[in-house]
Every structure is written in structure tokens, then in C-alpha cells.
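Undergrad: I'd like to ask you about the structure that follows.
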Amino acid sequence: MFQYFIKRLAGIIPILMIVSIFIFLFVHMIPGDPARLVAGQDATQQDVESVRKQLELDKPLHQQYLSFVTNMIHGDFGHSLKTKRPVIEEIQSRFMPTFWLSVWSMVWAVLFGLLIGVVSASKRNKWQDYAGMFGAVAGISLPSFWMGLMLIQLFSVKLGWFPTGGLDSWKSYVLPSLTLGAGVAAVIARFTRSSLMDILKEDYIRTGRAKGLHERKVVWDHGLKNALIPVVTMTGLQFGFLLGGSIVIETVFGWPGLGRLLVDSVSFRDYPVIQSLMLLFALEFIIINLIVDLLYGVMNPQIRYE
Amino acid sequence: MRDKLLTIENLKTHFFSDDGIVPAVDGVNITIKKGETVGIVGESGCGKSVTSLSVMRLLKDTPGRVVGGSIQFKGKDLLSLSDREMRNIRGNEIAMIFQEPMTSLNPVLTIGRQIKEAVGLHLGLEGKKAHEHVIEMLKLVGIPRAEEIVNEYPHQLSGGMRQRVMIAMAMSCKPKLLIADEPTTALDVTIQAQILELMKKLSAEEETAIMLITHDLGVVAEMCDRVVVMYAGKVVEEADIYELFENPKHPYTKGLLQSIPKLREKKNRLGSIPGTVPNPLERPPGCKFAPRCSEVFDLCREVEPELLPVGADHQCRCLLYQRDLVKEA
Ligand SMILES: Nc1ncnc2c1ncn2[C@@H]1O[C@H](COP(=O)(O)OP(=O)(O)O)[C@@H](O)[C@H]1O
Ligand SMILES: [Mg+2]
């Protein structure tokens, strides 16, 4: 297991190399001239050229890529074209709000998603199932901006329990994380339900019942331990998406997160920021994948003992 | 006469499917006495498994439901017990092993844990005592390295070993009745013999009655005191083992016996009787076996025969032995 972990960890390096090439090429394909943007609308052609030189945009592509990679390895992610601040600072200030918002959203999503999924599967075609799946469909199909606005209206404006937006205290996390978590909870609920329903047809479930186990134990212990294996992958993926920041939620709640940073940088062609963000997202997915794989091993003895 | 342990009377278990009602078990009577091994034989689809699942009340999550009859176990009507009372019987006084050892154990739980559950539930053993009991059971069913196997997972064991684990689990609470649904069908011939031998030995030691479901009359001959032959959801013949093999009455039983491969011949499954089991949705009126019967006569297609005595401790559901009734008509 440990060896496997080290192997997987080493495997990240070539993946990152490939990803960095794609990101580099992708960013350079974005239409628009960054030198012109930095220099400003009414700069002379000469000014633009000198900016280009300063940013090393006049060099051949492979040289640009090499310096991009070496700089990154040295922890130099360049400066934002827009704010002139180091990219690393731009991202740092936005990362934590997004990260904790994602974590809290996942906490709700997993809690409610599993509960609804398991109850629905074990009470198949009864009212609990219909209610759960109705909620899940609502969670998936209701637009999150609408849900967010509704929550703000009720809990912030009417009841005054939570702030309407921004990030000041733990209270600020409640509404956006519930809004963001609702969609994920719905996905987890549906996935858990179908996975568990398949598992509950298995022979070993019948064995559990034949042993005299309580139905609750059969479902939550014998069933869920097996049903969770595919759910974990899906949950990891969802977490990865959340870590990218949600533009809609961040806009509705005035959240200082990565989603808005990305949108701002794209509209400004702030390619050092775009590059670094994309690299960050890729890295997040890779790490989550690694964790998911490890969890897989922990949960599935057949893999663990290979 | 030994005491009655299990009495199934006129059991009817139907499945409610989109195509209609399937009378999978359609009026079955079976009696099992203490310590006795009773074989239930019949071609696939005749309702053997459904009968056993009805006794265990394990039809939840299927479209099946017991719609009539009674199941008495030690004087208690199993069908009217609460879920809780039934759970106290399952795995404790009535245990069950299944056909598929490869899929009947939970892949993510250790062997030890899976046996311990039953032991904890019914014998109240926990911790070290439970652990010791589990190891003792594993040794009893002939599992080598029992101390290590308790911490291993099902996929690390062969099919035969897994079936031994199932037997260890089933016998761990000293059941009065063991229901074995084709326990050796999925296993190699040599392993089959070992597993049967093991069941025979344990049931003799513990005085456990066995309801042995099989479609292999060779297994029946090896194991059973009495045989119940089922066809299309009904019992068609029931007799003492010697009586049945020497003096079979029902044409279906005769057909089954003829289809047993001779000793040491290549193993052959039942079903060399011409024709196929009727679709349970379109069973003929009269005797369900009539379309395949070599001794059929006109009345068979109209009148459904009763299960009636044809000798000492021998019952048969066939008009051939009900001449009075035939004359009347
Ligand atoms: N889960 C189920 N859903 C619908 N019908 C079933 C189900 N299980 C069994 N049946 C019906 O009951 C009949 C008897 O099945 P079974 O008792 O399993 O036969 P066997 O004698 O081979 O064990 C089948 O032919 C089928 O029509
Ligand atoms: Mg069967």
C-alpha cells in the first residue's frame, strides 16, 4: 500500500509536465494581444513592442514555455498583468475562501446526499423514496443563483441570521455552502441510491438477513460499505469541481473566491493568472484522484491485497 | 416417531409481476422432524428456493409474497411472528446456506467479522470469547490456518473454502434446522463430496435437521432420510428414501430416477425427461405434468390430482393411484 502510494506520487510529475504544455498552448491561443492590453488602449506601437519585450512575448514559443516551467519550479508564477501584484499573492488570497467553502459544501452534500440516497434505496418505491428523489431532482434542476437568492431573502433579509454576502466570519459560510452543496448532495443522493439498490440485490445481503441481522445493519453496514466504493470516486470529482470556484455562487454572495478571479483574468487576458489557475485546478484534480484511489484501496480489500 | 420440527402446510407463495401472478409455490406440504435430513428435489424453476425463502421469510425485496398456508416451527407459526421474533430465529434456530459460495459472503468484511455477527447476535458472545468460538467453528468445518483466516477476506478463499465458511457461520449458533439450497451445485465434484460429508457429520453431531434442496438425486441418495419431489410449485411425491428409490410411484419421479447417471458415469444434470417445465404463467389445467407424462390419460388433462397416501409413509399426486376418483368421473 505504501509502495503503491509512492509510485502514484511519482506518477504525478509526468502528468504535470503534459498538463503544463497544454495549459501553455491553450493560453497562447486565447485571441487578443496581451502586450497591447498591458500597454493600454492609447499606447503607441513602440510602447506595445517594449512591453512585449519586457514580458518576453517576442521570444520563440518553446523558449517561452521553458522559462514558464523553470519559473514555476522556482515558485515564480509571474505578475498579474492587471494588478501588477505577484500571481501567487492573487491566488493565495482567493484560494482559502474557495477551499473552505468547498469543504463545507462537501460536508453538507455528503451528509444529506448519503442519508437521502440510503433511505431512498432501502425504501424503494415508498414515499420516502419519492420524497428523496423529488428533492434530488429539485437540487439538480433548480438554478443555484435562484436558490442562493431565496436563501438570502429568507435567512439574511427576513430573519437576519446570516450576512447577505461577503466573508467576515463562519456565519458567512452557511448560506453559500448550503447553496453550493445542494446540487452536489442531489448528485450524491441519486448515485448512492442506484449503487445501493444494486448492492441490495447481492447474495451476501441475503446472507446477512439470513443471519438474523437487523435490516438497518444490513443496509447501513453490509450494504453501504460496498455501495460507497463507486460513490467515493464521484464525490471526489465533485469536490474537484467545487475547488475551481463557482462563478455563480461567488457572484450571488459576493464571495472573494477563485471563480471570480478566473473570470476577471480571462476577460482581461491576464494570462499569467490564467495559467497559474489552470495549473492549480489540474493539480487539485490530480491530488483528489490520488486520495480517491487510496480510499478505494482502503475500502476494497480486493484492491488492497493485490 | 420423532417430533415434528417444521411443518409447512398448503404453502402458497406467489410473485406479482407485470405479466401476471406467478404461483411459484402453489400449495406445498412438507414436514421435517428433529434431526432428520429431508431432500427437496425437482427441476429448476419448480419452486424449491422460493419454498425455503418463504420459511426464512427472506422474500423482502422480491415481488414475491406468501399468500396462503402456514409454516409451523417448533409449534410457532413463523408467518405470524413479528420481524424481531423472526430475526431471533434466523441464523439461530434456522440457518441457511446458499448455492453460490462465491457471492454469498460480503467482500468488504473479514471472514471472522461475518461469523462473529451471528455469534454476537444469538449467543451473546463478544470480544475474545466470540473470537475463540469463531476459530473453533472454522476448525470444525476443516479450515486450515483458522487463526489467520479470521482476518482474511472472502476473495482470498476458494469456492469450497467459502462454502465451509458459510457452513461454519450457519452452524455457529447450533441451529435446529439447516436449510441448504443447492449447497454443492457450484462446486467441483470432489469438493462436493467433502462438503456433503461435512454437513452430514455436523448434523449428526448437533442433531440438526437439514432441508436439503437439490436437483441431484445422487446427492439425495447420499444424504437424506426422506425425499420430497416437487413439480411446478407442488409436491408430487414424498417418501422414505429407500421407498422412493425402490418403489417410485409418480411418473415424474420415475423419469427423474431414470435420468440419474449410473454410478461413476459422467455426471449429468436432471432434465432428460422429454419436454420442459411449463411456464408458471401458463400452467395447464389438470395435472401439471400431463403434457410430459408417458402414462397420461384423458382425465389427467382435466382433473388436478390430490397428494394422497399410496403406501406406508408414502404419498403421491397422480391419478394412476386414484382409480376410485377416475371411476367416479
Ligand atoms: N425474484 C423473483 N421474481 C419473480 N419471480 C420469481 C423470483 N424468484 C422466483 N420466481 C419464480 O418462482 C419460480 C420458482 O423459482 P425457484 O424457487 O427459484 O426455483 P428452483 O426450484 O429452481 O429453486 C421461478 O420459475 C420464477 O417464475
Ligand atoms: Mg433454486
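The values are calculated or read from the model by the stated rules, or taken from the named source; none is laboratory data. If you're wondering where the values come from, they're calculated on a predicted model, not measured in any experiment. When we count neighbours, we look across all protein chains shown, and the Cβ atoms used for this are built from the backbone with ideal geometry, even at glycine.
Undergrad: Away from ligand 1 (no atom under 16 Å from the Cβ), closer than 21 Å to B:Thr214 by Cα and either in contact (Cβ under 8 Å) with a residue 24 or more places away in the chain or not assigned by TED's automatic domain parsing to the domain that holds B:Leu212 (or both): which single residue out of B:Gly120, B:Gly159, B:Gly127, B:Gly142 fits that description? If you could, list the steps in order and put the result at the bottom.
TA: Working: B:Gly120 fails: closer than 21 Å to B:Thr214 by Cα; B:Gly127 fails: closer than 21 Å to B:Thr214 by Cα; B:Gly142 fails: closer than 21 Å to B:Thr214 by Cα.
So the residue among B:Gly120, B:Gly159, B:Gly127, B:Gly142 that is away from ligand 1 (no atom under 16 Å from the Cβ), closer than 21 Å to B:Thr214 by Cα and either in contact (Cβ under 8 Å) with a residue 24 or more places away in the chain or not assigned by TED's automatic domain parsing to the domain that holds B:Leu212 (or both) is B:Gly159.
Undergrad: Hey, which of the strands (runs of 3 or more DSSP E) in the stretch B:142-231, taking only ones fully inside, have at least 2 residues that are farther than 20 Å from B:Glu100 by Cα and more than 16 Å from ligand 2 (Cβ to nearest atom)?
TA: B:226-231
Undergrad: Looking at A:Leu196, A:Leu178, A:Leu101, which is the one that is in contact (Cβ under 8 Å) with a residue 40 or more places away in the chain, of a type in the set (A, V, I, L, M), surrounded by 23 or more Cβ atoms within 10 Å (Cβ to Cβ) and in contact with a Phe, Trp or Tyr (Cβ under 7 Å, 6 or more places away or on another chain)?
TA: A:Leu101
Undergrad: Would you pick out the residues in the stretch B:32-49 that are at negative phi and either within 13 Å of ligand 2 (Cβ to nearest atom) or within 11 Å of another protein chain (Cβ to nearest Cβ) (or both)?
TA: Scanning the stretch B:32-49 gives B:Ile40, B:Val41, B:Glu43, B:Ser44, B:Cys46, B:Lys48, B:Ser49.
Undergrad: With the structure loaded, tell me whether B:Ser52 is within 14 Å of chain A (Cβ to nearest Cβ) and of a type in the set (S, T, N, Q) or whether it fails that test. I'd like the intermediate steps shown before the answer.
TA: Working: within 14 Å of chain A (Cβ to nearest Cβ): yes; of a type in the set (S, T, N, Q): yes.
Here the answer is yes, as B:Ser52 does meet what is asked.
Undergrad: Only one residue in B:Ile111, B:Ile97 is within 16 Å of ligand 2 (Cβ to nearest atom), crowded, with 20+ Cβ neighbours inside 10 Å and under 22 Å from B:Glu197 (Cβ atoms), so which one is that?
TA: On the way: B:Ile111 fails: within 16 Å of ligand 2 (Cβ to nearest atom).
One residue alone meets the criteria, B:Ile97.
Undergrad: Only helices (runs of 4 or more DSSP H) wholly contained in the stretch A:18-136 count here; list those with 3 or more residues that are among the aliphatic types (A, V, I, L, M).
TA: A:34-39, A:61-73, A:87-122
Undergrad: Moving to a separate point now. Under the condition of being in contact with an Asp or Glu (Cβ under 8 Å, 6 or more places away or on another chain) and more than 7 Å from chain A (Cβ to nearest Cβ), which residue from the stretch B:89-110 is farthest from B:Leu53 (Cα to Cα)? Reasoning before the result, please.
TA: Taking the stretch B:89-110 and keeping what is in contact with an Asp or Glu (Cβ under 8 Å, 6 or more places away or on another chain), we get B:96-100, B:103-104, B:110.
Among the residues that remain, those that are also more than 7 Å from chain A (Cβ to nearest Cβ) are: B:97, B:99, B:110.
On the way: B:Ile97: 11, B:Gln99: 13, B:Thr110: 26 Å.
For the stretch B:89-110, the residue satisfying everything is B:Thr110.
Undergrad: Here are some conditions: (1) buried (at least 21 other Cβ atoms within 10 Å of the Cβ); (2) away from ligand 1 (no atom under 14 Å from the Cβ). B:Val41 meets all but one. Which one does it not meet?
TA: Result: B:Val41 fails condition (2) only.
Undergrad: In addition: Looking at the stretch B:53-85, which of its residues are of a type in the set (Val, Ile, Thr) and either within 16 Å of ligand 2 (Cβ to nearest atom) or without any contact (Cβ under 8 Å) to a residue 24 or more places away in the chain (or both)?
TA: Scanning the stretch B:53-85 gives B:Val55, B:Thr62.
Undergrad: Filter the stretch B:5-52 down to the residues that are without any contact (Cβ under 8 Å) to a residue 60 or more places away in the chain and among the charged types (D, E, K, R), then identify the one that is farthest from B:Glu222 (Cα to Cα).
TA: B:Asp18
Undergrad: Could I ask something else about it? Return yes when B:Leu178 is within 16 Å of ligand 1 (Cβ to nearest atom) and either aliphatic (A, V, I, L, M) or touching a Ser or Thr at 6+ places or on another chain (Cβ under 7 Å) (or both) and no when it is not.
TA: Considered against the rule, which asks whether it is within 16 Å of ligand 1 (Cβ to nearest atom) and either aliphatic (A, V, I, L, M) or touching a Ser or Thr at 6+ places or on another chain (Cβ under 7 Å) (or both), B:Leu178 comes out as no.
Undergrad: Then there is this: Looking at B:Gly159, B:Gly142, B:Gly127, B:Gly120, can you tell me which residue is surrounded by fewer than 18 Cβ atoms within 10 Å (Cβ to Cβ), within 12 Å of chain A (Cβ to nearest Cβ) and not hydroxyl-bearing (Ser, Thr, Tyr)?
TA: Going through B:Gly159, B:Gly142, B:Gly127, B:Gly120 in turn, the sole match is B:Gly120.
Undergrad: So is A:Ala10 part of a loop (DSSP other than H, G, I, E, B) and either under 20 Å from A:Asp270 (Cα atoms) or under 30 Å from the mean Cα position of the chain (by Cα) (or both) or not? Before the answer, list the steps.
TA: Details: part of a loop (DSSP other than H, G, I, E, B): no; either under 20 Å from A:Asp270 (Cα atoms) or under 30 Å from the mean Cα position of the chain (by Cα) (or both): yes.
No; evaluated as a whole, the condition is false for this residue.
Undergrad: Is it the case that the stretch A:247-254 has a residue that's surrounded by fewer than 17 Cβ atoms within 10 Å (Cβ to Cβ), more than 14 Å from every other protein chain (Cβ to nearest Cβ), within 19 Å of the chain's Cα centre (by Cα) and more than 20 Å from A:Thr98 (Cα to Cα)?
TA: Checking the stretch A:247-254: not a single residue is surrounded by fewer than 17 Cβ atoms within 10 Å (Cβ to Cβ), more than 14 Å from every other protein chain (Cβ to nearest Cβ), within 19 Å of the chain's Cα centre (by Cα) and more than 20 Å from A:Thr98 (Cα to Cα).
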